[in-house]
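The values are calculated or read from the model by the stated rules, or taken from the named source; none is laboratory data. All figures in this text were calculated on a predicted structure; none of them were measured in a lab. Glycine also receives a Cβ, built like all others from the backbone with ideal geometry; neighbour counts cover every protein chain displayed. Protein only, heavy atoms only, side chains kept; ligands, DNA and RNA dropped before computing areas. Shrake-Rupley method; radii C 1.70, N 1.55, O 1.52, S 1.80 Å.
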There are 2 protein chains.
Amino acid sequence: MKLEFWFEFGSTYSYPSAMRIEELVTQSGVSLVWKPFLLGPIFKSQGWSDSPFNLYPAKGNYMWRDLERICRNRELEFRKPTVFPRNGLLAARVACRFSEQDWIAEFVRNVFCANFQLDKDISNRNVVKSCLPLSVEESESILSESETEHSKALLRNNSNMAVELGIFGAPSFIVGNELFWGDDRLEQAIEWSKQ
Amino acid sequence: MKLEFWFEFGSTYSYPSAMRIEELVTQSGVSLVWKPFLLGPIFKSQGWSDSPFNLYPAKGNYMWRDLERICRNRELEFRKPTVFPRNGLLAARVACRFSEQDWIAEFVRNVFCANFQLDKDISNRNVVKSCLPLSVEESESILSESETEHSKALLRNNSNMAVELGIFGAPSFIVGNELFWGDDRLEQAIEWSKQ
């Protein structure tokens, strides 16, 4: 069965999921589908002009501590970004347009590392380019291709589809008709995909 | 070490935690402190006039399905209440005033079963009384004692303390200075309390 991984590059809890999902899913013999989308439009439709972690400080304070504990437990490096949430628009367009390429998993992990380990500005074109595990020449054409109207429409389509599927946060996992939300539901989603 | 269980009788995810916490904590040799509180004032301070699960339908739809899956996995009976959230004020006053009695765990479980298995109105005095694992005569005096100004102040104090501790939802678990939020963090909180 297929497992769809719906993620957003600015999302904190998407980071620990992105770092382990390929290995976990491969071990389970399940096929993984990369589904980048944008949370901003979803938050806006709920009346939020910012991440709920910024709008509700108690929730935000908890999230940063919780994420720190999760990463420590998994021996995963983590540095709190100085800007949150970062704008992952260009990186998401690349991931969306090239979601079936064999370098996609590595690219996704590199972008999350740039944001949550190296505190880099992932909205910057050169930072996104440096996350592509390809030669400079190929990287340039991949970025250009990701900025076409067609590629922009692909990402908008993913974000609209997310809403239609009942997605309201990231990471989310979809297996058949079942939605699982949050890094702590990844194992359960994989179990479901084996049924 | 002590583990504080902060719960609210109307809260959906508090239900599966309440049903298993005594057994899990006892097995671990950790001492359990029952901390009933009210979510209503916390939600109000965030500008919400209702449960976020009602205000944000996508979140609410997900929660009901997630809870159903959790209960099925644990072979825990569950029926979606016809009223949500139910008013657990009186039950919380009882649990707060008598939190150190040896019948507290059973009373708490009975109230959660009334709400999430039997679909009973837990704001009703007779329903609360029927949840007390005591003789009718004792039950009546316990209810009266829970309705005094002193008992009301005790619960208000718990709810104020919850905010000061950074609590923003239920269930929450506090071990030393660490806050853990959500039924899915109970095992982690117990591990922490063993350190």
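Between chain B and chain A, roughly 2100 Å² of accessible surface gets buried, counting both sides and using a 1.4 Å probe. Once each of the chymotrypsin sites (Phe, Trp or Tyr not before Pro) sitting in a DSSP loop with at most 16 other beta-carbon atoms within 10 Å is removed, chain A keeps A:104-195 as its longest stretch. Classify region B:57-143: rounded, prolate or oblate, from the alpha-carbon gyration tensor (a ≥ b ≥ c, eigenvalue square roots; a/c under 1.5 rounded; otherwise prolate if a/b is larger than b/c)? Prolate shape, in that a/c is at least 1.5 and a/b is the bigger ratio. Need one word for region B:2-194: rounded, prolate or oblate. Basis is the Cα gyration tensor (sqrt eigenvalues a ≥ b ≥ c); a/c below 1.5 gives rounded, then a/b vs b/c decides. Verdict is rounded for region B:2-194. Here the 3J(HN,Hα) profile of region B:104-121, calculated from phi with Karplus coefficients 6.51, -1.76 and 1.60 at θ = phi - 60°, is 4, 4, 5, 4, 4, 4, 4, 5, 5, 5, 4, 6, 9, 10, 9, 6, 9, 7 Hz, Gly and Pro shown as x. Put A:66, A:121 in order of accessible area, highest first, and with a 1.4 Å probe you get A:121, A:66. With a/c under 1.5 counting as rounded, go ahead and sort region A:134-191 into rounded, prolate or oblate using the C-alpha gyration tensor (a ≥ b ≥ c being the square roots of the eigenvalues; past the cut-off, prolate if a/b is larger than b/c, else oblate). The shape class here is oblate.
Within region A:63-105, the residues that become at least 10 Å² less accessible when every protein chain is included than when their own chain is isolated (1.4 Å probe; DNA, RNA and ligands ignored) are A:65, A:66, A:69, A:70, A:73. Residues in region A:2-193 average 44 Å² of solvent-accessible surface per residue, probe 1.4 Å, ligands and nucleic acids excluded. Whenever you get a sec, compute what percent of the accessible area on region B:2-194 sits on carbon and sulfur atoms (1.4 Å probe). With neighbouring chains kept in place, the figure for region B:2-194 is 47 percent. Using Cβ point charges alone (K and R +1, D and E -1), the dipole size of region A:64-195 about the Cα centre works out to roughly 460 debye. Simple spin-label estimate for residue A:33 and residue A:161 gives 0.6 nm between the two label positions (7 Å along the Cα-to-Cβ direction from each Cα). Computed with every protein chain present, the accessible area of residue B:39 is close to 20 Å² [probe 1.4 Å].
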